[in-house]
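Student: Take this structure first; my questions come after.
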Amino acid sequence: MQLSSDQLALKARAAGLANGLVRDRAAEIDRTREYPWDIVEALKAEGFMGMTIPKELGGQGRSFLDTVLVIEEMARSCTVTARIVVEANMGAISTVMAYGTEAQRRRAADLVLGGDKPAICITEPDAGSDASGMTTRADKRGNRWVINGRKHWITGGGVSRLHLIFARVFDEDGSELGVGGFLAVRGEAEGLRVSKRETTMGLCGMPEGELVFEDLEVTPDMVLLPPSGFKRGFADLINAYNSQRVGAGTVAMGIAAGALEHAVAWAKSREQFGRPIGEFQGLQWMLADMQTQLTASRLMLYAAAESRGPDGSAFPDPALAAQAKIFASEAAIKIVNDALQVFGARGYSREFPLERMARDVRMFTIGGGTAQVLRTLVAGKVLGWKLPQTRDGYAGKAGRG
């Protein structure tokens, strides 16, 4: 794919920041598990927070593809920084930009441009891949909604201010209206509490938190309601994951690109049997396969980032996003593992970045939709069937004609 001169300049600017401040801080962020507020300030200064926010709201109105270019460069050096860029431009913020009122859009834009990484709150202790099984509820009481429930594995829990909360919606008479999206700003809304932080294998500077909602009151101006309303609105709101999946796949691909760079440099400099190990055909073929997988991942992610859903939405096509994330995340694990192998015992040491990359990259076949769930989504598109996963609904509701 041919990038424009503007995109090449954007990519070079991102690489400059990544190769300087970001790369120097990556190991420390991993070691201390502290959120990198200094890097957030640098991202703000470069205009990498809220790139996709429209110009009239203070953003740059850039595309998802532009964002992908920046994410890849950051992920080569620091996975946590790349994740910040993803969620400051995709997911919750793009959902608010697509479906929010003018006041909601301006409030969200101000927060993100000021350095906030919004949190999208769907996953619950007993509702992971089965998001429709959520139990968090929003009950209508007079002119407002009261939310009670619990969410976990919320990326940014404890550092994010803007939260997009998904909950089952009930009218005052107790009748269920569907699933809705509600906005809450930590520090301004009473009833939103971070109860714990997970101790994760990788991505150590990005908190994954459990949130508890205890009579969290949401006024009508903070209800994110797409045109289809509560009954069918969940399908519209969940489209946010299509952009976020492209972002997550790009982080994995960027980690792989960084790992390959390290492996190539090592293969040229490390000598055994009196010559660089890169002269041995076994390693040459490993590097060739790594580059091939990386190139394929990049092309799939670029195509998904530029696509639009079949309904004409502002988000990437669900099937293309799913395929790109599946392929890129699984290829990235293989590339990083092979890069570590090129280093031998040194790759297993924390003295080198491959060990950190191997822990970080493992997340991306899990978060944002597991590789298995996404395969079901793709299979449904291939077959032209709806593939419900409930035990009693599969055969009768698969839509076979």
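The values are calculated or read from the model by the stated rules, or taken from the named source; none is laboratory data. Just so it is clear, the structure is predicted and the values come from calculations on it, not from any experiment. Cβ coordinates were reconstructed from backbone atoms using ideal geometry, including for glycine residues, and neighbour counts include every protein chain displayed. These accessible areas exclude ligands, DNA and RNA; they are computed on the full protein's heavy atoms, side chains included. Shrake-Rupley method; radii C 1.70, N 1.55, O 1.52, S 1.80 Å.
Student: Springs between alpha-carbon pairs under 10 angstrom, Gaussian network model over the chain: which of Ala98, Ala189, Ala26 fluctuates most?
Tutor: For the chain, modelled as a Gaussian network with Cα springs under 10 Å, the answer is Ala189.
Student: 5 Å is the cut-off here: which amide hydrogens, built 1.01 Å from N in the peptide plane, fall below it relative to Leu216, excluding neighbours closer than 5 in sequence?
Tutor: Ile147
Student: Continuing with this model, one more query. Find how many whole Å separate the alpha carbon centroid of the stretch 221-296 from the alpha carbon centroid of the stretch 11-72.
Tutor: Between the Cα centre of the stretch 11-72 and that of the stretch 221-296, the gap is 17 Å.
Student: Taking the Cα-to-Cβ direction at Ser313 and at Ala296 and moving 7 Å from each Cα, how far apart do the two end points lie in nm?
Tutor: Inter-label distance under the simple model: 2.8 nm.
Student: If you count only protein heavy atoms and use a 1.4 Å probe, how large is the accessible surface of Glu271, to the nearest 10 Å²?
Tutor: Per-residue accessible area (Glu271): approximately 110 Å².
Student: Of the listed values (1) 59, 51, 47; (2) 81, 53, 41; (3) 66, 46, 45, identify the label whose number matches Cα extents along the principal axes in Å calculated from this model.
Tutor: (2)
Student: Suppose accessible area is computed on protein heavy atoms with a 1.4 Å probe; arrange Ser5, Ser329 from highest to lowest.
Tutor: Result, largest first: Ser5, Ser329.
Student: Take the alpha-carbon centre of the stretch 356-374, take the same for the stretch 161-205, and report the distance between them in whole Å.
Tutor: Answer, in whole Å: 23.
Student: Work out the charge dipole of the stretch 274-401 with +1 on the Cβ of Lys and Arg and -1 on the Cβ of Asp and Glu about the Cα centre, then indicate which of Gly274, Leu301, Ala322 is farthest towards its positive end.
Tutor: Highest projection toward the positive end goes to Ala322.
Student: With a 1.4 Å probe and all protein chains left in place, how much accessible area per residue does the chain have, in Å²?
Tutor: 43 Å²
Student: Okay, moving on. Relative to the present Cα-Cα distance, how much length would full extension add between Asn143 and Trp37 at 0.36 nm per residue of separation?
Tutor: Working it through step by step, the gained length comes to 34.4 nm.
Student: Continuing with the same structure: Within the accessible area of the chain, what % is carbon and sulfur when the probe is 1.4 Å and the other protein chains stay in place?
Tutor: Its accessible area is 51 percent carbon and sulfur atoms.
Student: For the chain, set up a Gaussian network in which alpha carbons nearer than 10 Å are linked by springs, and say which option among Asn143, Asn337, Asn89 fluctuates the most.
Tutor: Asn143
Student: Of Gly369, Gly233, Gly312, which has the largest mean-square fluctuation in a 10 Å C-alpha GNM of the chain?
Tutor: Gly312
Student: Taking a threshold of 21 Å on the Cα-Cα distance, which of the pairs Lys11/Lys44; Lys196/Lys325; Lys151/Lys196 fall above it?
Tutor: Correct reply: Lys196/Lys325.
Student: So if I place +1 on the C-beta of Lys and Arg and -1 on the C-beta of Asp and Glu, and nothing else carries charge, what would the dipole magnitude of the chain be about its Cα centre? I want it in debye, nearest 20.
Tutor: Roughly 660 debye, rounded to the nearest 20.
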